[in-house]
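Data block below; observations after.
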Amino acid sequence: MHKTEHARVAGEDSEALANQVSAALDKSLDQVSPEVQARLKQARISAMANSERTLMPSVFLPVSGAAFALGMLLILVWPSMQETDQGLQAIAFEEQLEDLILVSEMDDETLELVEDIEFAYWLAQEMPAETADGLDNNVPAYPIEGRIESHSQDQLGVVHNG
Amino acid sequence: MRNLENFLISVEKKAFRMAQLATHCEADALDIVQDAMMKLAGKYSHKPEEEWRPLFYSILESRIMDWHRKQQLKKKIFFWRKEQAPETEDTATETQPTQASPESELISEQLGERLLACVAELPVQQQQCFVLRAWEGLSVNETAQAMGINENSVKTHYARAVQKLKASHTSTQ
């Protein structure tokens, strides 16, 4: 027999054998026991549940990303906010210090003058209503209804029984 | 998600048989198939559907090879132990009681069982290569990718598997 003929026959034999094995394997699938089938089904259900669990993060990814970004922003901005507060405090302190230096540099007469001016300013603020008509500051300038009634009743000598 | 479930339904029995041929153990075969399903569903479900089959068989083969490596390691560590006889609850014992079939069908059934027994006795790489090529219909390239070997090795394993099957098949006839 020719060499190529040998190869052809061998190839056909191999194919026939492969087909026979395939057929036997296909047939064996029908003979898988119900217990094994049940366990395969259970495995499949577990795998599908696993798949759904792993898909969940992709749904929450934008939300968690936004939360993370917000957190990072707070971490970055918070120290600078603290610095701003500290800066404001430093400015106020510097102003007070400048006032103190100014006061210390004044001579006695100027200091008295400043004190007088401050006293006059305070007086003007404290007694704005004490005007020329000499009315009591605690008494309102206009009458209140209840007050009028009680005054008039007292003046008329009305006695409430019970 | 429905598509993935349908895909798993379509391959689960075949995968179980392949793992059972390689391990000779029903429980281990089930574990291997479950692992393969879990990994495919957990990590590759977002991949295009046409990639699922090669990916699934690649995971399955990887698990089968891992199982064999562990067995070999066990044999080396516990060398004084007698090798346990492989579980014999394979296709022969799982055959469901059938009604009286025609003689030809009986002969072909017996022939099929003998063939499967021969396949189960092949070295694991030759066996898996043969099953993937002949039964699952994967190309040489797909088989090489699934098994993590080169195409020439696939051809060699396949040729040797066929040679051994022929030899054992004719001797049992």
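Data table
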item	result
FRET efficiency for B:Glu5 and A:Gln89, using Cβ-Cβ distance with R0 set to 56 Å, rounded to 0.05	0.25
Pairs from B:Lys14/B:Lys47; A:Lys27/B:Lys164; A:Lys27/B:Lys39; B:Lys13/B:Lys74; B:Lys14/B:Lys43 whose Cα-Cα separation, in the structure shown, is over 26 Å	A:Lys27/B:Lys39; B:Lys13/B:Lys74
Cα centroid of region B:1-22 to Cα centroid of region B:125-140, whole Å	16 Å
Hypothetical label at A:Ala38: residues of region B:1-39 whose amide nitrogen lies under 16 Å (7 Å Cα-Cβ projection)	B:27
Full-stretch length increase - B:Arg160, B:Asp66 - with 0.36 nm per residue and alpha-carbon distance subtracted	31.6 nm
Projected label distance in nm at B:Lys74 and B:Glu50, using a 7 Å step from Cα toward the beta-carbon	4.1 nm
Added length on full extension, which subtracts the Cα-Cα distance from 0.36 nm per residue, A:Ala69 to A:Ile117	11.6 nm
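Each reported figure results from applying straightforward, stated rules to the coordinates on display, with no laboratory input. All figures in this text were calculated on a predicted structure; none of them were measured in a lab. Cβ coordinates were reconstructed from backbone atoms using ideal geometry, including for glycine residues, and neighbour counts include every protein chain displayed.
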